[in-house]
Amino acid sequence: MTVLGIETSCDECSAAVVRDGHEILSNIIATQIELHKPYQGVVPELASRLHTEWIAQVVEAALRTAGIDKADLDAVAVTSRPGLLGSLLVGVSFAKSYATALSIPFIGIDHIRAHLYASQIENPLEYPYLGVLVSGGHTVICKVNSYDDVDVLGTTIDDAIGEAFDKVAKFYDLGFPGGVVIDRLARNGNPTAFLFPGPSLDKDEHMYDMSYSGLKTAVINQKDKFRTEGAEDTPENLAASFQRQAVGILMKRVKLALRDTGLRRVSAGGGVAANSLLRAELKDLEKSGYTVTFPSLKLCTDNGAMVAGLGYRYLMDGRRDDEFLSASARVSAFKKF
Ligand code: KG4
Ligand code: ZN
């Protein structure tokens, strides 16, 4: 089954052709980074306008790169939630009309489940496993029972981890997108130059939850308070120290969740899963006998391949959407563990 996957939930306009859920024939990602750079953040109105201009060409490029004709497609999968509503609507409207014109089925895909599924395309991992979804909009630790069935263990109670990276970078004018720049700067910095605090959340109520707004505020408003003696106040040191704590907050909960659930497999997904420190720390769990997978870098950030890959699973189960499929900015229901 050859599936076209379309992803326009934020600032990447992406289309991919995936065969039988794992063979990526193409994965075109047209990024709007240059457009949003002057604002150091994604401007929703501009994002949706550019998706409208680009989507047809991006889909054509995906078919051309895959070396197939649109008549060879068996189905279309499209991100329908959550994300920026205007941006989502472009992808959903396009996918519906494209599939209808070709008389093939289409299916709306949940962006969070797609990120969690991304690593399964390249490195299939047996269910259940601990899922670590870390992106610009979400920070979720969950028990992934199947591609569709996810029990949430913990989430951020305020900012998403990627949002914290982006806001710190924006405040200090380090560059855009913030996560990528901080990751790069951190390589040449001292991670203990600043000892930033982690959140103190009520353990009973927030066992596996995280918080990033306190860390962000400390880095932005009170950094001098946390500078260690003799440490230099450089962007590299700031980036390395912030990153150490941002990843530390997450890893602490990941380890707790592994201990308490007894799960022996872990997989990460989402843009922040591209972070080199997080990848190293997760990989380190292998020394304790855990099996750890994450997507290749291109499948961490938003992309059409993860949408087509997950779409394939639903389609094989006989699931389809109809003309009433709509876009939604909101997160769909997940079970609380
Ligand atoms: O998954 P994604 O492309 O979009 C959302 O669904 O949000 O994630 C984007 C986020 C941004 O916050 C970006 O700064 C972050 O992923 N990111 C990183 C890295 N690469 C992207 N954060 C830390 N380190 C990276 N290497
Ligand atoms: Zn995403």
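The values are calculated or read from the model by the stated rules, or taken from the named source; none is laboratory data. Please read these numbers as outputs of a predicted model, since none were measured by experiment. Glycine also receives a Cβ, built like all others from the backbone with ideal geometry; neighbour counts cover every protein chain displayed. Please note that ligands, DNA and RNA were not included when accessible areas were found on the heavy atoms of the full protein model with its side chains. Shrake-Rupley method; radii C 1.70, N 1.55, O 1.52, S 1.80 Å.
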*List every DSSP H helix in the chain whose Cα atoms extend 27 Å or more along the helix's own long axis and whose mean Kyte-Doolittle hydropathy is at least -1.0.*
44-66, 235-261
*Take the Cα gyration tensor of the chain, multiply each eigenvalue by 5, square-root it, and list the three semi-axes largest first, rounded to whole angstrom.*
35, 23, 17
*Between Ala56 and Glu34, what length comes free when the chain is fully extended (0.36 nm per residue of separation minus the Cα-Cα distance, one decimal in nm)?*
5.9 nm
_Extension gain from Leu325 to Asn221, taking 0.36 nm per residue of separation minus the Cα-Cα distance_ = 33.0 nm
_Beta bridge orientation in region 125-293: antiparallel %, DSSP, nearest 5_ = 60 percent
_Inter-label distance, nm, simple model (7 Å from Cα along the C-beta direction), Glu45/Leu256_ = 4.2 nm
*asked:* Which residues does the label zone of Glu232 cover in region 178-195, counting backbone N under 16 Å from a point 7 Å along Cα→Cβ?
replied: 185-194
*Using a probe of 1.4 angstrom, how much of the accessible area of the chain is carbon and sulfur, in percent?*
51 percent
*On average, how much accessible surface per residue is there in the chain, in Å², for a 1.4 Å probe, leaving out ligands, DNA and RNA?*
42 Å²
*Could you check the simple spin-label distance between Arg184 and Glu126, using points 7 Å along Cα→Cβ, in nm with one decimal?*
4.2 nm
